[in-house]
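Structure first, then comments.
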Amino acid sequence: MHFWGVRGSIPSPGPETARYGGNTPCVEICAGEERFIFDLGTGVRELGAATKGPLVANIFLSHYHYDHLQGLPFFGPIFDRRNRFTIRGPTRNGRSVKEVVSEHMQQPFFPVTVEMVFRAQLEYQAFEAGDRLRSNGVTVSAIEANHPGGNLAYRVDFRGQSVVYATDTEHGADRDAQLVDFARGAEVLIYDAMYTDDEYAGREGSSKIGWGHSTWQHAVRMANEAKVGTLVLFHHDPTRTDDALDALLKTAKKQRKATLAAKEGLVIKL
Ligand SMILES: [Zn+2]
Ligand SMILES: [Zn+2]
């Protein structure tokens, strides 16, 4: 598993975020013969730049907020006819994944369309909560997380090991229990830890309740309840500096030793 983009909401480049990285969500998971890319945030540009030779991948979109889709037009391999991608995601507001992808690349938002420039072999497939993809011994499944407009949390199972990608979810709803069940026993849980409890509740700055994101404290609680191996704090707030993230991680590790903060270039091998 390779983290290419770990930042939430908006790219946040600059000297104070250079160590953890400022690109928005993109996580690559290779299992057996299969390659999966979760979300097409700006991190996917780096993935594309690092790719040599033909590329075949299953792309899963969690939802269509800008930070999870805006890297697609800059994903180099999608301009190469030797490459093949299946893009999967849920139907939202009556629009299929294909319609959403096409609509975000058109005037007045973008100068060229999918049809004009993408040359890779592209297929689109609906993937909804409760769906399962089985391929070459790998299973990918999804449930609905708690996020305005919806968001899918994904689980990848391969040879008795599992990774759960649960970005963009706000704790405190019935869905918490479902997510704990969904993540139960996973080797790795990647979880939305955008805020601290104080930030979330409005004790520091304005309240973030209802914005669709969780806290590192809740990430720790979820990981403990689900008895996962490693917790990876993800979707960092764009204003969180590297030093602040170091401090946050240090505090989190005191509560749960097997905790990491996602950073660009982090590779986890299972
Ligand atoms: Zn997001
Ligand atoms: Zn979102």
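The values are calculated or read from the model by the stated rules, or taken from the named source; none is laboratory data. Bear in mind that the values here come from a model prediction, so they are computed numbers and not experimental data. Methodologically, a virtual Cβ is constructed for each residue, glycine included, from the backbone with ideal geometry; neighbour enumeration extends over all protein chains shown.
Looking at this structure, is ARG81 under 15 Å from ALA57 (Cα atoms) and in a loop (DSSP other than H, G, I, E, B)?
Yes: the conditions hold for ARG81.
For segment 134-178, how many residues are among the aliphatic types (A, V, I, L, M) and part of a loop (DSSP other than H, G, I, E, B)?
Count: 2.
Hey, among the residues in segment 16-31 that are within 14 Å of the chain's Cα centre (by Cα) and hydrophobic (A, V, I, L, M, F, W, C), which one's surrounded by the most Cβ atoms within 10 Å (Cβ to Cβ)?
Filtering first and then ranking leaves VAL27.
Among the residues that make up segment 103-115, is at least one of them closer than 21 Å to ILE29 by Cα and touching a residue at least 24 places away in the same chain (Cβ under 8 Å)?
Looking through segment 103-115, none of the residues is closer than 21 Å to ILE29 by Cα and touching a residue at least 24 places away in the same chain (Cβ under 8 Å).
Would you point out the residue of segment 99-133, among those that are touching a Gly at 6+ places or on another chain (Cβ under 9 Å) and assigned to a helix (DSSP H, G or I), that is surrounded by the most Cβ atoms within 10 Å (Cβ to Cβ)?
The qualifying residue surrounded by the most Cβ atoms within 10 Å (Cβ to Cβ) is VAL101.
Quick one: which strands (runs of 3 or more DSSP E) sit completely within segment 1-59 and have at least 3 residues that are more than 16 Å from ligand 1 (Cβ to nearest atom), under 20 Å from ILE87 (Cα atoms) and at pLDDT 95 or above?
Fully inside segment 1-59 and qualifying: 26-31, 34-38.
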